[in-house]
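Chemist: Here it is: the structure, laid out below.
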Amino acid sequence: MGKILVQKETTPDPISLIGREAGVCWGADITNAERNYKRGLDCLTSGHGRTWEYPQVYLVLDGYSARVFRELYTHIGGGPTRLQASTRYINYEKGFDYVVPPKVSASEEATGVYEQAMADLVTALQKLEALGIPREDCGMLLPLGMESKVVLRTNLRNLIDMSHQRMCSRAYWEFRTLMKDVAQALSDYSEEWKYLVEHYFVPKCELTGYCTEKFTCGRKPKKTE
C-alpha cells in the first residue's frame, strides 16, 4: 500500500510556532519557549484557526491511487499546493502499479477480472504507442486505480479540517487509509505533531457530539430536533 514521507521542510514545533507568531501580535515575550508553547495551546483550544495556518507540512504521498488524489484536491484551500506524477512524460506503456480495493482482492474471481482489465489497458497503450500516437494522448487510457505520487504542501489548519471529513467511517476507504497514514507519519516526526494528531485529528462527530451524515455508522447518535 502507500507510504508517506514527511519532508524536512515541515515545521518541527508547530505548537510553539503558533505561540511565537501570536505572541508577536500580542506584544508578548517570544524568547521564552515555555510561554510560546502555552500560548500556542491557548490558540488551539480557543479555536483561533488563522494561527493554525503557520505550521507548514511538506509531504510525499506515494503509492496511492489517482482516484484518491482527485479526492484530495477537494481539500486544496488556504494556501496548500501540490505536484503530481506526470501522465505526459512518464512511460506507462511498460506497465503501471495499481491499487486493488479490499472487496476485489477478497474474491479470486473479482481479482481476475480486475487484473485482466489492467493488463488489457497496458496492451492497448503499447499498441497505440507503436502506431505513433503521442504519449500524452495514450495516457487518456490510464485508470483512476493507477498508483501515483504527489508532493503536497499544506498546513495544520487544512489537515485538521481534512481529518474531520476523512476520518469519518463513511468516507471513501482509501482516503481513510491515507489520512491514517498521514497522521502516523506526523506523529513520528515530532512530539508536538504527536500531540496535535492525538487531540485534533478526529472525525467530525467527535467535535459535534452527534452524527451530521444522512446515513450514520452508529458511532454517534443522530442530532435530534
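The values are calculated or read from the model by the stated rules, or taken from the named source; none is laboratory data. All values derive from a computational prediction rather than experimental measurement. Methodologically, a virtual Cβ is constructed for each residue, glycine included, from the backbone with ideal geometry; neighbour enumeration extends over all protein chains shown. With ligands, DNA and RNA removed, areas are computed over all heavy atoms of the protein, side chains included. Shrake-Rupley method; radii C 1.70, N 1.55, O 1.52, S 1.80 Å.
Chemist: Within the stretch 111-158, take every residue that is touching a Phe, Trp or Tyr at 6+ places or on another chain (Cβ under 7 Å) and aliphatic (A, V, I, L, M) and give me the one that is farthest from Asp62 (Cα to Cα).
Modeler: Ranking the candidates gives Leu125 first.
Chemist: With the requirement that a residue be open to solvent by 10 Å² or more (accessible area, probe 1.4 Å), out of contact with any strand residue (DSSP E or B) (no Cβ under 8 Å at 6 or more places or on another chain) and in contact (Cβ under 8 Å) with a residue 40 or more places away in the chain, what does the stretch 51-74 give you? Before you say what the answer is, go through the steps one by one.
Modeler: So the first thing to find is which residues in the stretch 51-74 are open to solvent by 10 Å² or more (accessible area, probe 1.4 Å), and the list is 51-54, 56, 58, 60, 62, 66-67, 70-71, 73-74.
With the extra rule that they be out of contact with any strand residue (DSSP E or B) (no Cβ under 8 Å at 6 or more places or on another chain), the set shrinks to 51, 67, 70-71, 74.
Of everything in the stretch 51-74, those that are open to solvent by 10 Å² or more (accessible area, probe 1.4 Å), out of contact with any strand residue (DSSP E or B) (no Cβ under 8 Å at 6 or more places or on another chain) and in contact (Cβ under 8 Å) with a residue 40 or more places away in the chain turn out to be Arg67, Arg70, Glu71.
Chemist: Name the residue that is farthest from Met179 (Cα to Cα), counting only residues in the stretch 2-54 that are of a type in the set (Asp, Glu) and in contact with a helix residue (DSSP H, G or I) (Cβ under 9 Å, 6 or more places away or on another chain). Let's see the steps before the verdict.
Modeler: Looking only at the stretch 2-54, we keep the residues that are of a type in the set (Asp, Glu), and these are 9, 13, 21, 29, 34, 42, 53.
Next cut, in contact with a helix residue (DSSP H, G or I) (Cβ under 9 Å, 6 or more places away or on another chain) only: 13, 21, 29, 42, 53.
On the way: Asp13: 21, Glu21: 27, Asp29: 36, Asp42: 26, Glu53: 18 Å.
Among those residues, the one meeting the criterion is Asp29.
Chemist: Same structure again: Out of all the residues in the stretch 76-97, which are of a type in the set (S, T, N, Q), touching a helix residue (DSSP H, G or I) at 6+ places or on another chain (Cβ under 9 Å) and not in a loop (DSSP other than H, G, I, E, B)?
Modeler: Within the stretch 76-97, Gln84 is the sole residue that qualifies.
Chemist: Under the condition of being out of contact with any Phe, Trp or Tyr (no Cβ under 8 Å at 6 or more places or on another chain) and under 21 Å from Leu159 (Cβ atoms), which residue from the stretch 14-35 is least open to solvent (accessible area, probe 1.4 Å)?
Modeler: Initially, the stretch 14-35 is screened for residues out of contact with any Phe, Trp or Tyr (no Cβ under 8 Å at 6 or more places or on another chain), giving 20, 22-35.
Imposing the further condition that a residue be under 21 Å from Leu159 (Cβ atoms) reduces the set to 20, 22.
Values: Arg20: 68, Ala22: 8 Å².
Per the criteria, the residue is Ala22.
Chemist: The conditions are (1) at positive phi; (2) surrounded by 14 or more Cβ atoms within 10 Å (Cβ to Cβ), and Thr87 fails exactly one of them. Which is it?
Modeler: (1)
Chemist: Every residue in the stretch 38-48 that is assigned to a helix (DSSP H, G or I) and open to solvent by 70 Å² or more (accessible area, probe 1.4 Å), please.
Modeler: In the first step, residues of the stretch 38-48 are kept if they are assigned to a helix (DSSP H, G or I); the result is 38-45.
Hits for the stretch 38-48 are Lys38, Asp42, Thr45.
Chemist: Does Thr11 fit the bill of being surrounded by 17 or more Cβ atoms within 10 Å (Cβ to Cβ), assigned to a loop (DSSP other than H, G, I, E, B), out of contact with any Asp or Glu (no Cβ under 8 Å at 6 or more places or on another chain) and of a type in the set (Ser, Thr, Tyr)? Even if it seems obvious, please write down each step before you answer.
Modeler: Numbers: surrounded by 17 or more Cβ atoms within 10 Å (Cβ to Cβ): yes; assigned to a loop (DSSP other than H, G, I, E, B): yes; out of contact with any Asp or Glu (no Cβ under 8 Å at 6 or more places or on another chain): yes; of a type in the set (Ser, Thr, Tyr): yes.
Judged against the criteria, Thr11 is a match.
Chemist: Determine whether Lys214 is open to solvent by 30 Å² or more (accessible area, probe 1.4 Å), closer than 21 Å to Phe69 by Cα and not polar (S, T, N, Q). So that I can check it myself, show each step before the final result.
Modeler: Details: open to solvent by 30 Å² or more (accessible area, probe 1.4 Å): yes; closer than 21 Å to Phe69 by Cα: no; not polar (S, T, N, Q): yes.
Answer is no for this residue.
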